[in-house]
1. Compare the peptides 76-88, 155-167 by average per-residue count of other Cβ atoms within 10 angstrom and give them in order, highest first.
2. I need Glu182, Glu120 ordered by Cβ neighbour count within 10 Å, fewest first.
3. Let me make sure I get this right: for the range 34-117, a, b and c are the square roots of the gyration tensor eigenvalues over alpha carbons, sorted descending. Under 1.5 in a/c it's rounded, otherwise prolate if a/b > b/c, else oblate. Which is it?
4. Return the aspartates and glutamates within reach of Lys49: Cα separation strictly under 18 angstrom, same-chain partners fewer than 8 residues apart disregarded; answer none if there are no such residues.
5. With a sphere of radius 12 Å drawn around the Cβ of Asp115, what net charge do the other residues whose Cβ falls strictly inside it have (Lys, Arg +1; Asp, Glu -1)?
6. Based on the mean of other Cβ atoms within 10 Å per residue, sort peptides 142-153, 34-45 so the most packed one is first.
Amino acid sequence: MPHTQETETRQMVVNLAQDFLKAGLVVRTWGNFSARLDKDTFVITPSGKAYEGMQASELVTVATADGKPPLAKGSGKPSSESPMHARVYQRYPEIKVVAHTHQVYASALTLLGMDIDVPEPWQPVLGTTRIPLSAYALPGSRALHNNMADTLARSDAQIVLMGRHGAFILAETATECLRLAEDLERFAIDLFAECLGKEIAHRSDIQSDSDREKSLAQEWQKRRRKALPYLQIAKSCPGFQAL
Ligand SMILES: [Zn+2]
């Protein structure tokens, strides 16, 4: 890859990481971002460095084959999740950008411990009917990366949830990557709002004496109906019930 193109790709990843930071989808040094350079290599954010003030030169070039830097080059330490990104680039030639976040609501959703069926209105937004859940393993571990490989093998979704951990976004461009992460968070927030609506659903039992009261009661009833499938899921999760 020509030098200028690599420089552009590196800068694009730094900008992307900082856009995620501004959007509140990552904090401090957590999460990691990468972009494909060519068939055999990609660049990834370094381990344990803050995104604020990050320089394009600090990104680490690694091999798509194993997510490790070539031994000959004295470069920095790549994110410990680099092999997980490598699995994506190995599998999908069209994927150019990958992000891993601990975004709050999507991460909370992973506590359900199961794939999430996407309701119809959200399907075109998230590009899938089901968001797969990759099984939990320690962050940075080979087991975690193998679990991700298994999940990628059974799903074409560009969004993968990681059990008790976070989200993994696969995209063709940086713009798509940020858009998917933002929409995933909105979807997760919507889901929680629907579920929390159950408390106020009792409103429908109240004798309403104004149009406003009636329309509110109808609204909550509608929300509760939409939330029912998720309330069923929630019943299997004691932590969720505590909400
Ligand atoms: Zn993580």
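What follows is calculated from the coordinates using simple rules that are stated; it is not laboratory data. Because the structure is predicted, anything quoted here is derived from the model rather than measured. Positions of Cβ are generated from backbone atoms using ideal geometry, with glycine treated the same way; all protein chains shown enter the neighbour counts.
1. On the way: 76-88: 22.8, 155-167: 20.4.
Highest to lowest by the protection proxy: 76-88, 155-167.
2. On the way: Glu182 16, Glu120 7.
With the sparsest Cβ surroundings first, the list reads Glu120, Glu182.
3. Details: a/c = 2.35, a/b = 1.47, b/c = 1.60.
Oblate, because a/c is 1.5 or more while a/b does not exceed b/c.
4. Straight-line reach from Lys49, under 18 Å: Asp19, Glu58, Glu81.
5. Values: positive: Arg130, Arg154; negative: Asp117.
Here the charged neighbours net out to +1.
6. On the way: 142-153: 16.9, 34-45: 21.1.
Listed from highest to lowest mean packing, they are 34-45, 142-153.
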